[in-house]
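*Asks:* Shown below is the structure under consideration.
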Amino acid sequence: MRRAFGSLALVALAAGAWEAYKALAPDDGVSVMGVRVMPRADDQAMPHLWTVLARLGEPELRGGAPIWEVLLSACLTTLGIVAVGLVVGVVVGGLLAVLMQRSGFAERGLLPYVVLSQTVPLVALAPAIAGWGGAIMPQWATVSVIAAYLAFFPVAVGLLRGLQSPPPEAVELMDAYSAGWWATLVKLRLPASLPFLFPALKLAGAAAVVGAVVGEISTGTRGGIGRLVIEYSREATTDPAKVYTAMLGAALLGLAVTGLLTLGQRLAARGVTP
């Protein structure tokens with residue numbers, strides 16, 4: 001309950017800051033020496049929050065379904081893509097972490113490239129992945145690959161740190177019991193890695209959502225929230241509140257994925273607690 005109230009308080013604080021800036025800042029924003037350093041505050045650039053919320057209940061198109069219903073369908077579509085990408089990313093990241101923990105040579109050889117992989121701009125990488133896999137994969141699978149590309153990194157690094165976390169005394173005790181590498185991994189290293197793994201999974205979930213949204217935008221995949229962001233942004237001049245509904249849907253999708261992973265963490269904690 002304390003966390004729930006804290007989250008609501010942060011949301012209220014952010015909403016208050018939005019409306020306060022809109023009320024106090026000039027419509028053209030704040031400029032210093034001819035350079036705008038703070039955004040515009042007119043209704044075209046920053047609609048009132050209640051306008052955005054009211055727009056959710058209005059039809060997307062005349063005579064069509066309300067926007068909240070369209071956003072919900074799009075978020076569910078993207079959520080399926082994120083789920084596939086997250087599973088693939090967790091499997092790939094987990095295998096890399098186990099391999100690097102097993103072999104110091106593999107860690108020294110692979111870890112720099114694992115880190116280097118995240119320096120490639122996703123906007124440039126997404127069309128390349130779509131071009132490579134377009135002939136053999138459907139568009140949604142291509143987007144899942146992009147999501148997995150961002151998701152595997154925090155899992156690989158976090159799980160590796162967790163697998164290396166048991167103290168030497170515990171490892172020596174397993175050796176004294178003649179436990180093999182596999183038994184040590186299952187009974188000592190994996191349980192010890194849980195405090196490192198779950199935060200990494202949350203980061204991977206958020207990264208997978210970002211990858212899926214950017215992938216949908218870059219590849220032109222229809223049906224997901226990323227496509228709605230592009231379509232609604234074209235109406236920014238005539239219907240600015242509509243643009244923010246798509247952004248709100250993408251943000252809520254990220255929160256939903258993080259919430260599901262947090263629930264999984266709690267269930268797993270109960271399962272390993274004596």
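*Asks:* When ligands, DNA and RNA are left out and all protein chains stay put, how many square angstrom of accessible area per residue does the chain have with a 1.4 Å probe? Working shown, then result.
*Replies:* On the way: 15580 Å² over 274 residues.
Averaged over the residues of the chain, the accessible area is 57 Å².
*Asks:* Once the Cα atoms of helix 104-117 and of the chain are each reduced to a long axis, what angle between those two axes, in degrees from 0 to 90 to the nearest 10, is obtained?
*Replies:* The angle comes out at about 10 degrees.
*Asks:* Apply 1/(1 + (r/R0)^6) to the Cβ-Cβ distance of R62 and R222, taking R0 = 22 Å, and write down the FRET efficiency to the nearest 0.05.
*Replies:* That gives a FRET efficiency of 0.55.
*Asks:* Answer with one residue from Y113, A20, W181: the one whose Cα lies farthest towards the positive end of the charge dipole of the chain, charges on Cβ with Lys, Arg +1 and Asp, Glu -1.
*Replies:* W181
*Asks:* Between E69 and W182, take the C-beta separation as r, use R0 = 51 Å, and let me know the FRET efficiency to the nearest 0.05.
*Replies:* That pair, E69 with W182, gives E of 0.55.
*Asks:* Which distance in nm do the two modelled labels at W18 and W50 give, with both placed 7 Å along the Cα-to-Cβ direction?
*Replies:* 1.4 nm
*Asks:* Would you work out what percent of the accessible area of the chain, with all protein chains in place, is carbon or sulfur (probe 1.4 Å)?
*Replies:* Working: 10990 of 15580 Å².
That fraction is 71 percent.
*Asks:* While we're on this one: Remind me, relative contact order of region 1-156 in percent, using alpha carbon pairs under 8 angstrom and six or more residues apart?
*Replies:* On the way: 123 pairs, mean separation 34.5, N = 156.
Rounded, it is 22 percent for region 1-156.
*Asks:* Less than 29 Å apart at the alpha-carbon level, and either on another chain or at least 8 residues along: which lysines does that give for K22?
*Replies:* Partners within reach: K242.
*Asks:* Contact order normalised by length for the chain, with contacts defined as Cα pairs under 8 Å and 6 or more residues apart; what percent is it? Don't jump to the answer; show the numbers that get you there.
*Replies:* On the way: 332 pairs, mean separation 60.9, N = 274.
Dividing the mean separation by the residue count of the chain yields 22 percent.
*Asks:* Tell me, what are the semi-axes, in whole angstrom and largest first, of the equivalent ellipsoid of region 158-210 as set by the roots of 5 times the Cα gyration tensor eigenvalues?
*Replies:* 28, 9, 6
*Asks:* For the chain, what is the calculated [θ] at 222 nm in deg cm²/dmol (nearest 500), taking -39500 (n - 2.57) for each run of four or more DSSP H residues and dividing by its residue count?
*Replies:* On the way: 11 runs with 203 residues, N = 274.
That calculation yields -25000 deg cm²/dmol at 222 nm.
*Asks:* In whole percent, what relative contact order does region 18-110 give with Cα contacts below 8 Å and a gap of six or more residues? Each step should come with its number before you reach the end.
*Replies:* Details: 54 pairs, mean separation 11.6, N = 93.
Here the relative contact order equals 12 percent.
*Asks:* Using amide H atoms built 1.01 Å from N in the peptide plane, name the residues 5+ places from M38, or on other chains, whose amide H lies under 5 Å from its own.
*Replies:* Amide H neighbours of M38, under 5 Å, 5+ apart: V30.
*Asks:* Given points 7 Å out from each Cα along the Cα-Cβ axis, report the A268 to V115 separation in nanometres with one decimal.
*Replies:* Going from the A268 label point to the V115 one covers 2.5 nm.
*Asks:* Go through 204-212, 38-46 and give me the packing order, highest mean Cβ count within 10 Å leading.
*Replies:* On the way: 204-212: 27.4, 38-46: 15.1.
In descending order of packing, they fall as 204-212, 38-46.
*Asks:* Separate question: Show me, for region 76-83, the HN-Hα J-couplings you get by feeding each phi into the Karplus relation (A = 6.51, B = -1.76, C = 1.60, θ = phi - 60°), rounded to Hz, glycine and proline as x.
*Replies:* Residue by residue, region 76-83 yields 5, 4, 5, 4, x, 5, 4, 4 Hz.
*Asks:* While we're on this one: In what order, largest first, do S7, S117, S193 sit by accessible area if the probe radius is 1.4 Å? Mind showing how you got there, number by number?
*Replies:* Numbers: S7 65, S117 20, S193 0 Å².
If we order S7, S117, S193 from most to least accessible, we get S7, S117, S193.
*Asks:* When you take every Cα atom in the chain, what is the radius of gyration, and what is Dmax, the widest Cα pair distance, in Å?
*Replies:* 22.8, 74
*Asks:* Taking the Cα centre as origin and putting +1 on Lys and Arg beta-carbons and -1 on Asp and Glu beta-carbons, what dipole magnitude results for the chain, to the nearest 20 debye? Walk me through the numbers on the way to the answer.
*Replies:* Values: 19 positive and 16 negative charges, 121 e Å.
Dipole size: approximately 580 debye.
The values are calculated or read from the model by the stated rules, or taken from the named source; none is laboratory data. Predicted, not measured: the structure shown is a model, and the values here were computed from it. Don't worry about glycine lacking a Cβ; one is built from the backbone with ideal geometry, like all the others, and counts go over all protein chains shown. These area figures cover heavy atoms from the full protein model, side chains too; ligands, DNA and RNA do not enter into them. Shrake-Rupley method; radii C 1.70, N 1.55, O 1.52, S 1.80 Å.
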